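See structure below.
Values quoted throughout were computed directly from the atomic coordinates according to the rules given, and no laboratory measurement underlies them. Owing to the predicted nature of the structure, the values given are computational and were not obtained by experimental measurement. No Cβ is skipped: glycine too gets one built from the backbone with ideal geometry, and neighbour counts run over all protein chains shown.
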Amino acid sequence: MFKKVFVFLFLVVFAAALAGCATSGAVKQKDMEVQGLKNQISVLESQIQSKDQEISGLQDALNKANEQPKVEPVTEVKEKAGSEVRPHHLSNKEVQLALRNAGFDPGKIDGHMGKQTRDALRAFQKAHNLTANGKANKKTQALLSGYLTQKTK
């Protein structure tokens, strides 16, 4: 009888121990799942932070690109020491150089009056309250000649 009780108790204790192991195994598995989810959250948060920085950089670049160059209009052609400056016809290359010096990007300085040069010329004319037609007429050339000797902005 004592053996039967002892075996019975042993089986009960053994079954409880097995149940406890199964429970602790399930708890460990849940802990591992929770830790995995926390790791995923950390990765996603760092990706969000990276994207926020990228967006901020793009917004700064966009703001810079949208800023118009601040150019004060030149109202008269300055005189050189001891002689009068006579406006002369500027070559296309001189127009491009003057536009670049004035802060308007004409593209490649190649002497050709292409689309980008005409667009820069229109922007220059608009900034100086001239007729913005993209053509280097006498008034435009007179203003541009003041930028030929200036250093590039």
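Value of Rg to Rh for segment 1-67, rounded to two decimals, is 1.69; Kirkwood radius and Rg both from alpha-carbon coordinates.
Return a single number: how many Lys pairs in segment 1-67, at a sequence separation of 8 or more or on separate chains, have alpha-carbon atoms below 30 angstrom apart.
4
Each Lys or Arg adds one and each Asp or Glu takes one away; over the other residues whose Cβ falls under 12 Å from the Cβ of residue 116, this sums to +2. By the count of other C-beta atoms within 10 Å, a proxy for reagent exposure, 89, 112 are ordered fewest to most as 89, 112.
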